[in-house]
Amino acid sequence: AMLSGCRRALVAALGRAVGQSLRAVSTSWCPVGAAFDAKQQPRSSATSRETGLFGVPELSCPEGFQEAQDKALQESEQLVQKACSTPPGPEIVMIFDQLSDSLCRVADLADFVKIAHPDFAFREAAEEACRNIGTVVEKLNTDVELCQSLRRLLDDEIVLSSLDPETRRVAELFMFDFEISGIHLDEEKRKKAVNLNVRILDLCNEFLTGAHLPNKIDRHVLPEHIWYNFTAEGNYLQVAGLHADCPDDLVREVAYKIFLYPNAEQLSRLEELLASRNSLAQLVGYDTFAHRALQGTMAKTPETVRQFLEKLSEQLSKRTQKDFEMMAKMKMKVSPKNSKLMPWDHPYYSGALRAERYNIDPGLYSPFFSLRACMEGLNSLFSHLLGISLYAEQPQRGEVWSEDVRKLAVVHETEGLLGYIYCDFFQRPDKPHQDCHFTVRGGRLKENGEYQLPVVVLMLSLPHSTRSAPTLLSPGMMENLFHEMGHAMHSMLGRTRYQHVTGTRCPTDFAEVPSILMEYFANDYRVVNQFARHYKTGQPLPKNMVSRLCESKKVCAAADMQLQV
């Protein structure tokens, strides 16, 4: 229904562009399942030419980030001058989008590398690039001359009425970025807003880094029989997480109290972060930072969010109380002398209740969820729903940051190559234990009529295969894989003329809709039956096991949601 004439022309152009890409690279593709088979792992070809990360030539070494950053900043300066000298019209919006793209191509890539690259030198160089590009972005968001070039367009009713809806919307979004950054302030206050924004970026990075660091304690403080649960470091034990699934109450209590022990540096960062956010919000005209952060979302205001959460909490209260009573009874069976439910008990006993009631030991399910089977299941699902197939493509030397990263081409049955997904699925030292999706490059229609293909990374923390078994996923891991692949498909299918609104570059509360939708497919027998096969026997996962798994998710669902609220 949205296909206006210009949109149809865009689709035709996209089709031509991706058709060319399809012909160029299809000879190097292989079925997606083979890429995740322990017996047949693709490797970079010894004869392929050397390149840099994600095929960016400069990024073959950490110093390349400086070069990539310098090129982006030089290009951005030229585009700013061009924008300021161009008369009102759709070309202004195209120039703004080019400007955004030139900076995002470096900043988004660096945002991933600073977190996930195994080489500290790469991480450090990427973080420096992120900071430098971020500072430039904040300065541009308070550049009066640049803003005026866009304002002239939005104030010209005749030109504005001639714009197609997409171009007009993108122009309004760029203006929104100026407004929330304080473009209306005097020069001194604009400088203060830039400095606050940069400081907020720094504090966020420092706080998030600190949040993942383990805490350590003298081993002799703890009973000897629980030492083996933690990593030893001389006379100390490292506590790197909450051990929420451990059946030993004492281990969970120790982990909770030590891992979450108050950290003066972290508290100081957090307090400064909150104060800086509040100062920025009030400086640019908002009551609170929440008002500023939510203005561009579906929720729009903190009042809406609070009303929703309070209403939800009220609706959950009776069911939550029943859930807690069930968990307390379960704990009493295990620990008659200490049946009071503690903060570290909830995740374990809600899981224990599910397992007891429905016999859903992950060990019973994981043999049916090999990584290869799950990827082939996703491929089949996307083929049926969307006419899309996933193919493994051999990366060039230097293109990936770890040899176990897989590169997937996303191909539509009529439109050809839509983009690339890099799958960083496996555990390794210093890799964050978090499942997430990163946009490395957004899609857009380039000036020469070709389409810039989107590039994303999916990061999981799956176990490696062993000599006796391939990588096997628990039901939770399988659901997370489907969730993250929902983000990836959003990035591939959200094809727009402008990269500023491509894929997951949308209201943040809408960005979770496609990924949550994918979780429903992961919990539907009609889907699971298509791919869940025992890795040894080929036997399909029995329907009653899928039913039990789905029913078990209702156990303690109210308490789980209340905890989130």
I'm trying to understand the selection: among the residues of the range 220-248, which are in contact (Cβ under 8 Å) with a residue 40 or more places away in the chain and not hydrophobic (A, V, I, L, M, F, W, C)?
G241, D245, P247
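Looking for whichever is at pLDDT below 95, outside the structural domain of R505 (by the TED database) and part of a helix (DSSP H, G or I) here; the options are E310, E303, E325. Which one fits?
Values: E310 fails: at pLDDT below 95; E303 fails: at pLDDT below 95.
None of the others qualify; the one that does is E325.
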May I ask you to list pairs of residues, at least six apart or on different chains, whose Cβ atoms are under 7 Å apart, with the first in the range 274-288 being touching a residue at least 24 places away in the same chain (Cβ under 8 Å) and the second being part of a loop (DSSP other than H, G, I, E, B) and surrounded by 20 or more Cβ atoms within 10 Å (Cβ to Cβ)?
L283/G182; V284/S181; V284/G182
Would you point out the residue of the range 267-280, among those that are open to solvent by less than 20 Å² (accessible area, probe 1.4 Å) and not small (G, A, S), that is farthest from T209 (Cα to Cα)?
L280
For helices (runs of 4 or more DSSP H) lying entirely in the range 122-238, having 3 or more residues that are polar (S, T, N, Q) picks out 187-212
Might you let me know whether the range 459-472 holds any residue that is part of a strand (DSSP E or B), more than 24 Å from L549 (Cβ to Cβ) and not charged (D, E, K, R)?
yes
How many residues does the range 311-333 contain that are within 17 Å of A355 (Cα to Cα) and surrounded by 14 or more Cβ atoms within 10 Å (Cβ to Cβ)?
8
Among the residues of the range 385-409 satisfying the criterion of being more than 24 Å from P62 (Cβ to Cβ) and in contact with a Lys or Arg (Cβ under 9 Å, 6 or more places away or on another chain), which is most open to solvent (accessible area, probe 1.4 Å)?
Q394
Restricting to the range 508-551, give me the number of residues that are over 27 Å from the mean Cα position of the chain (by Cα), within 19 Å of F482 (Cβ to Cβ) and small (G, A, S).
1
With criteria (1) within 26 Å of H534 (Cα to Cα); (2) basic (K, R); (3) without any contact (Cβ under 8 Å) to a residue 24 or more places away in the chain, R357 comes up short on (3)
Could we say that Y286 is out of contact with any Leu (no Cβ under 7 Å at 6 or more places or on another chain), of a type in the set (F, W, Y), within 30 Å of I183 (Cα to Cα) and surrounded by 13 or more Cβ atoms within 10 Å (Cβ to Cβ) here?
yes
Within the range 167-219, of all residues that are of a type in the set (S, T, N, Q) and touching a residue at least 12 places away in the same chain (Cβ under 8 Å), the one farthest from A240 (Cα to Cα) is T167
Does any residue in the range 72-96 that is assigned to a helix (DSSP H, G or I) come within less than 9 Å, Cβ to Cβ, of a residue that is modelled with pLDDT under 95 and open to solvent by 90 Å² or more (accessible area, probe 1.4 Å) six or more places away or on a different chain, and which pairs are these?
M94/E447
What are the residues in the range 511-526 that are aliphatic (A, V, I, L, M) and either touching a residue at least 60 places away in the same chain (Cβ under 8 Å) or open to solvent by less than 40 Å² (accessible area, probe 1.4 Å) (or both), if any?
A511, M518, A522
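Look at S339 and say whether it is of a type in the set (S, T, Y) and free of Cβ contacts under 8 Å to residues at least 12 places away in the same chain.
Yes, satisfied.
What number of residues in the range 479-510 are touching a residue at least 60 places away in the same chain (Cβ under 8 Å), outside any loop (DSSP other than H, G, I, E, B) and polar (S, T, N, Q)?
Going residue by residue through the range 479-510, those that are touching a residue at least 60 places away in the same chain (Cβ under 8 Å) are 481-482, 485, 488-489, 491-493, 495-505, 507-510.
Filter once more, keeping what is outside any loop (DSSP other than H, G, I, E, B): 481-482, 485, 488-489, 491-493, 499-501.
So of that shortlist, the ones also polar (S, T, N, Q) come out as 491, 499.
Here the count works out to 2.
The values are calculated or read from the model by the stated rules, or taken from the named source; none is laboratory data. The structure displayed is predicted, hence computed values, not measured ones. When we count neighbours, we look across all protein chains shown, and the Cβ atoms used for this are built from the backbone with ideal geometry, even at glycine. The accessibility values were calculated without ligands, DNA or RNA, using every heavy atom of the protein model including side chains. Shrake-Rupley method; radii C 1.70, N 1.55, O 1.52, S 1.80 Å.
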